[in-house]
Amino acid sequence: MNRLNKWIIAAVGTLSLTVLTGKWTPAAVFSPQTGHYYDFVEADLSWQEAKEAAELLSFQGLQGYLVTITSQEEQDFIVANLASPSIDNYHGSWIGASDQTVEGTWQWVTGPEAGTVFWQNSTPIGYHNFLSSEPNNYPHVVAGEDYAIMLANAQWADTTERTPLGRSAGFIIEYGGLESSEPEQQAVPEPSAVTALLLFGALTGVKPCLDRVLRRFS
């Protein structure tokens, strides 16, 4: 398992995440079945924040993205080789599936499988590992449940962009199928860079967003 030790991620604008401080060391495991690498990152992020964070990272020249699980073999490998990616059934790990575009049409929205539909109108049309009662777009949730999460029992559920009790255990990254166009995200910015970035946030009106995310990691 790859653990974030005081890894602070702050939103800059609405579409990017920047690693501000802390140390992150890739510890991805290789699957001979898929030819891809997998890693678990422990961090309390929303689904969108996790997606953007995963896409900032690369490993051995391969672009990272929220995992897309397209077979039982791939699911079994992840469960067997990554330390438990869930605290309980309310604090799971984000994966790269969503029905945010069309309610009831679940598709992979990350990685090389982006756009691949695997569940439509309560009917599976591809591999899935949803609980028998999921996805249910729980009717009492006003925002709707549009994002997939892997629970403590390794099965999937749909939930809101931020999990019901306000936390996620983390997210699962997959590396493979996409070449990285950026240097690997392993360097830690100097304090001066952090100060400059925070100043940039204040000047551009995103400081409240920065403060909100920073508090989450304090």
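The values are calculated or read from the model by the stated rules, or taken from the named source; none is laboratory data. Fair warning: this is a prediction, and the values are worked out from it, not measured in the lab. Heads up, the Cβs are rebuilt from the backbone with ideal geometry, glycines too, and the neighbour counts pull from every protein chain shown.
List of remarks:
- Residue in region 183-205 that is modelled with pLDDT of 80 or more and either charged (D, E, K, R) or touching a Leu at 6+ places or on another chain (Cβ under 8 Å) (or both) present: no
- Qualifying residues in region 45-83 (those that are among the small types (Gly, Ala, Ser) and assigned to a strand (DSSP E or B)) - the one surrounded by the fewest Cβ atoms within 10 Å (Cβ to Cβ): 58
- Once region 92-114 is narrowed to residues that are part of a strand (DSSP E or B) and without any contact (Cβ under 8 Å) to a residue 24 or more places away in the chain, the residue that is farthest from residue 44 (Cα to Cα) is 105.
- Filter pass, residue 66 being touching a helix residue (DSSP H, G or I) at 6+ places or on another chain (Cβ under 6 Å), under 18 Å from residue 156 (Cβ atoms) and touching a residue at least 60 places away in the same chain (Cβ under 8 Å): yes
- Hits in region 103-119 (condition: modelled with pLDDT of 95 or more and over 24 Å from residue 82 (Cβ atoms)): 105, 115, 117
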